[in-house]
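The values are calculated or read from the model by the stated rules, or taken from the named source; none is laboratory data. Since we're looking at a predicted model, the values are computed, not measured. All Cβ positions, even for glycine, are placed from backbone atoms using ideal geometry, and neighbour counts span all protein chains on display.
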Amino acid sequence: MKTENRTYNRIGTVLAKNGCWSFLKGGFVLDSPSNLALLLFQNSDDKDIDITIDSSSLQPITDQEWRFNQQFMINTQRKRAVTIHVSDQQGNRLQGAVIAINQVSKDFPFGSAIAHTILGNLPYQNWFVE
């Protein structure tokens with residue numbers, strides 16, 4: 001989004017499908033008042049796109065509401081159950097092994113993170129889930 005004073009990168013995301021209505025949701029904080037804003041759309045495969053906007057609105061949100069939503073998204077979208085298999089040097093599983101994992105920073109890359117450019121990149125997706 002571009003305003004009179006600033007450009008905001010990636011203020012919202014949606015996985016849209018051809019012929020289906022999609023709900024685009026995002027957020028930003030204006031540093032100064034603006035009378036004009038320009039929304040820019042980007043797709044993952046660089047093909048021409050046709051966008052119809054049925055309705056739009058901006059809703060104010062408090063810091064408390066934002067933090068609540070942040071925790072909800074972390075708990076429902078980022079956290080996952082994992083299965084860890086521990087083996088010896090010969091590849092034999094060690095039953096009942098005790099392990100400890102300590103995340104030493106708050107950066108998201110614990111686990112995996114992907115760039116928006118690979119959305120729709122089926123070969124990468126297949127490689128990643130292997």
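Summary of values
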item	result
Count of the stretch 84-128 residues which are aliphatic (A, V, I, L, M), loosely packed, with under 10 Cβ neighbours inside 10 Å and at pLDDT below 70	2
Search result, residues across the stretch 34-54 that are without any contact (Cβ under 8 Å) to a residue 24 or more places away in the chain and over 16 Å from V14 (Cα atoms)	K47, D48
Lone qualifier among F72, F41 - being loosely packed, with under 12 Cβ neighbours inside 10 Å, not in a loop (DSSP other than H, G, I, E, B) and not basic (K, R)	F72
Scope the stretch 16-70; condition under 22 Å from the mean Cα position of the chain (by Cα) and among the polar types (S, T, N, Q); matching residues	N18, S22, Q42, N43, S44, S56, S57, Q59, T62, Q64, N69, Q70
Conditions (1) of a type in the set (K, R); (2) over 18 Å from the mean Cα position of the chain (by Cα); (3) under 30 Å from I101 (Cβ atoms): number failed by K79	(2)
